[in-house]
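First up is the structure itself, then whatever we jot down about it.
Each reported figure results from applying straightforward, stated rules to the coordinates on display, with no laboratory input. Because the structure is predicted, anything quoted here is derived from the model rather than measured. Backbone-built Cβ (ideal geometry, glycine too); neighbour counts: all protein chains shown.
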């Protein structure tokens, strides 16, 4: 039962990270104040890689930056492996 709360928390967090990538893309198009790359990568690192990866793909955001092209998929693989290890 407790793992369901963890899964729900993970899902909500990833929706928030996904939204943050969308907001940053929106701001980039309008030349507004931006969310720092460290914040975007940090949120992806802290169990938000799925949302970050989806945001990168859907919004075509940060896809040319090598840090994002390498680190976000790496975080996703590590988090998937950790999730598998925890839930098995």
Can you put 64, 34, 88 in order, fewest other beta carbons within 10 Å first? 88, 64, 34
May I ask you to compute the full-extension gain from residue 19 to residue 66, defined as 0.36 nm times their residue separation minus their alpha-carbon distance, rounded to one decimal in nm? 14.8 nm
Hey, what number do you get for the chain at 222 nm if only DSSP H runs of n ≥ 4 count, each worth -39500 (n - 2.57), divided across all residues, to the nearest 500? -26000 deg cm²/dmol
With springs only between Cα atoms under 10 Å, which of 22, 51, 42 fluctuates most in a Gaussian network model of the chain? 42
With springs connecting C-alpha atoms under 10 Å apart, model the chain as a Gaussian network and identify which of 54, 28, 44 has the largest mean-square fluctuation. 28
Residue 39/residue 80 FRET efficiency (R0 25 Å; Cβ-Cβ; nearest 0.05): 0.65
Rg/Rh ratio calculated on Cα atoms of the range 2-87 (Kirkwood radius): 1.00
Compare 26, 13, 66 in a GNM of the chain, Cα atoms joined below 10 Å, and give the one with the largest fluctuation. 66
Linear extension gain, residue 32 paired with residue 8, 0.36 nm per residue minus alpha-carbon span: 5.4 nm
